[in-house]
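Single-structure report; data block below.
The values are calculated or read from the model by the stated rules, or taken from the named source; none is laboratory data. Remember, predicted model here, so these are calculated numbers, not experimental data. Glycine also receives a Cβ, built like all others from the backbone with ideal geometry; neighbour counts cover every protein chain displayed. In case anyone asks, the SASA skips ligands and DNA or RNA and just uses the protein heavy atoms, side chains included. Shrake-Rupley method; radii C 1.70, N 1.55, O 1.52, S 1.80 Å.
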Amino acid sequence: MSQQAATTAQYSKDDAVLLLEDGQLYIGEPYGASGSTFGEIVFATAMTGYQETITDPSYDRQIVVQTFPHIGDTGVNDEDPESKRVWVAGYVVRQPSPNVSNWRANDSLDDELKGDSVVGISGIDTRKLVRHLRQSGVMRAGIFSGNALVDETSGELKSVDVLLDEVLASPKMQGARLYDHVSTKETYTVEPCGDFAGKEPLFTVAAVDLGIKGMTPHRLSERGCRVHVVPSTVTFEQIKALNPDGVFFSNGPGDPEEAAPEVDLLRQVLDAGYPFFGICFGNQLFGRALGFDTYKLKFGHHGVNQPVRDMTTGKVEITAHNHGFAVDAPIGKIVESPYENGKYGRVFVSHIDLNDDVVEGLQCVDIPAFSVQYHPEAAAGPHDAAYLFDRFVSLMRARKAGEPVSSVLTAPTFSSSSNTTVNSQSADSADKENK
């Protein structure tokens with residue numbers, strides 16, 4: 001199918017239509033469920049792991065474009081989902097696989113999307129679409145197919161202008177509070193597994209579910225942890241009653257600026273001295289708890305091939321990402337945490353994205369707390385950053401033994417000649433296209 005200007009576009013009710021809020025329109029074929037859907041349109045660069053992508057709660061209210069052109073070869077199975085349902089608002093692929101070829105598969109991707117009523121589109125030029133999103137930035141969009149293209153009163157096809165009005169009436173991602181929507185409603189527990197199965201846990205972790213992926217508590221449980229996954233509405237008193245050795249804040253969707261209750265909860269955790277580890281949304285909330293600001297990226301990071309430098313070692317990791325917001329903190333130096341004149345001591349940016357210098361991690365010097373913006377649980381990979389779960393376990397072990405934070409969390413010596421140093425900058429001063 002071809003892409004045409006909105007003023008001259010011609011489509012039928014047998015087509016699927018993707019319309020961006022700036023008026024750019026794509027005509028393709030229905031994929032998944034028929035109907036209409038709206039959300040922020042983003043692109044994901046992974047060549048594999050599409051089942052993990054669509055079941056990641058962080059994609060709530062987002063339409064995902066797969067940059068890899070051929071999607072669906074391995075179907076879907078019951079082992080790989082990151083949650084109990086598909087969370088993407090819509091799905092865009094260029095060429096869906098006509099066959100399923102994997103011994104673990106029990107359904108096709110197309111049928112999985114239909115089963116969860118996820119509207120999609122195929123057969124469009126996703127390369128052109130992604131180039132446009134990189135240049136113009138992510139924006140609201142809508143996918144329409146079947147009866148959603150037809151006016152109920154007249155029975156005629158809706159005009160592009162009518163469809164565009166529907167897109168523009170949908171909410172923006174900036175200012176959205178979504179973590180309560182995707183969080184578990186009841187606490188559940190993941191027991192130690194693997195070599196630790198059936199044994200007494202080495203540590204107990206309270207994991208605040210802001211959109212947690214299933215692989216995250218699994219990574220902790222295979223290290224001997226008992227993980228209590230608690231709702232986003234949990235109180236500090238309820239966390240304390242679990243007698244945890246450490247507290248974890250998960251990934252999740254939405255604008256971190258709209259998560260003041262969670263930031264207050266996190267400050268109570270830090271005040272109590274619990275070892276803390278945050279991933280993705282948890283990193284953004286940690287940044288805000290320390291007194292830094294957050295901001296919206298132009299097109300964000302979504303995929304499994306982002307190069308990140310660990311500033312404490314100089315090591316470069318290939319990492320999995322899914323975020324449209326980032327922390328605005330100075331790179332290349334240790335600073336006093338801004339909140340209440342340094343209440344939480346010194347902090348530094350521990351990881352940076354080598355594509356655009358986006359802050360990818362924060363680490364405190366004086367309290368047992370750190371976070372990363374990317375996904376070390378990384379299903380379906382890569383696994384370069386799995387050591388971060390070991391670091392969290394070591395931090396809990398050190399606190400139990402009364403050892404100093406520095407025995408686990410090491411800080412680099414930043415200098416102009418250091419291999420791990422980049423120029424100090426923030427989101428306002430960095431000359432990068434994603435900002």
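How much net charge surrounds G115 when only other residues with a Cβ under 15 Å from its Cβ are counted (Lys, Arg +1; Asp, Glu -1)?
Residues close to G115 contribute a combined charge of -3.
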- Message: Which order do the peptides 303-313, 211-221 come out in when sorted by mean C-beta neighbours inside 10 angstrom, highest first?
- Response: 211-221, 303-313
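Return a whole-number percent for the relative contact order of the chain, with Cα pairs under 8 Å and 6 or more residues apart as the contact set.
RCO, the chain: 13 percent.
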- Query: Of N434, G146, V372, whose Cα points farthest to the positive end of the dipole of the chain (charges on the beta-carbon: +1 Lys, Arg; -1 Asp, Glu; origin at the Cα centre)?
  - Reply: V372
- Query: Counting only the heavy atoms of the protein chains, how much of D161 is accessible to a 1.4 Å probe, in Å² to the nearest 10?
  - Reply: 110 Å²
- With the full set of protein chains in place, find how many percent of the accessible area of the chain is carbon and sulfur; take the probe as 1.4 Å. 45 percent
- Message: Treating only the Cβ of Lys, Arg, Asp and Glu as charged (+1, +1, -1, -1), what charge dipole size does the chain show about its Cα centre? Round to the nearest 20 debye.
- Response: 1000 debye
- Message: Order 257-269, 56-68, 229-241, 163-175 from most to least packed using the mean count of other Cβ atoms within 10 Å.
- Response: 56-68, 257-269, 229-241, 163-175
- Task: Note down the magnitude of the dipole of segment 235-310 about its Cα centre, charges +1 on Lys and Arg C-beta and -1 on Asp and Glu C-beta and zero elsewhere, to the nearest 20 debye.
- Result: 260 debye
- Would you mind checking which residues have amide H under 5 Å from I367's amide H? H placed 1.01 Å from N; only 5 or more apart, or other chain. none
- Spelling it out for V150: with amide H atoms placed in the peptide plane at 1.01 Å from N, the residues 5 or more places away or on another chain with amide H under 5 Å from its amide H are K158
- Query: Around L297, which amide H atoms from residues at least 5 apart in sequence, or from another chain, sit under 5 Å from its own amide H, with H modelled in the peptide plane?
  - Reply: F325, A326
- What length, rounded to one decimal in nm, is gained on full extension from T45 through to E29, with 0.36 nm per residue of separation minus their alpha-carbon distance? 3.6 nm
- Message: Let me make sure I get this right: for the chain, a, b and c are the square roots of the gyration tensor eigenvalues over alpha carbons, sorted descending. Under 1.5 in a/c it's rounded, otherwise prolate if a/b > b/c, else oblate. Which is it?
- Response: prolate
- Suppose R0 equals 25 Å; then what is the FRET efficiency for L202 and I334 from their Cβ-Cβ distance, rounded to the nearest 0.05? 0.20
- Task: Could you do me a favour and compute the accessible area per residue for the chain, 1.4 Å probe, result in Å²?
- Result: 40 Å²
- Message: Quick check on the chain: of the DSSP beta bridges with both residues there, what percent are antiparallel, nearest 5%?
- Response: 60 percent
- Message: Quick check on the chain: helices-only [θ] at 222 nm, where DSSP H runs of length 4 and up contribute -39,500 (n - 2.57) each and the sum goes over total residues. Nearest 500, please.
- Response: -5500 deg cm²/dmol
- Item | Geometric extent, Cα atoms of segment 43-123 - Rg, Dmax (angstrom) | 11.3, 32
- Item | Calculated from backbone phi, Karplus (6.51, -1.76, 1.60) coupling profile of segment 14-25 in Hz, x at Gly/Pro | 8, 8, 10, 10, 10, 10, 8, 5, 8, x, 6, 10
- Query: For the chain, with the dipole built from +1 on Lys and Arg beta-carbon atoms and -1 on Asp and Glu ones, taken about the Cα centre, which of P275, F43, P256 lies farthest toward the positive end?
  - Reply: P275
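If we sort 325-336, 282-293, 81-92 on the protection proxy, mean other Cβ atoms within 10 Å, highest first, what's the order?
Details: 325-336: 19.2, 282-293: 25.7, 81-92: 22.0.
Descending packing order for the listed peptides: 282-293, 81-92, 325-336.
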- Task: Give me the accessible area of D116, 1.4 Å probe, in Å² rounded to the nearest 10.
- Result: 60 Å²
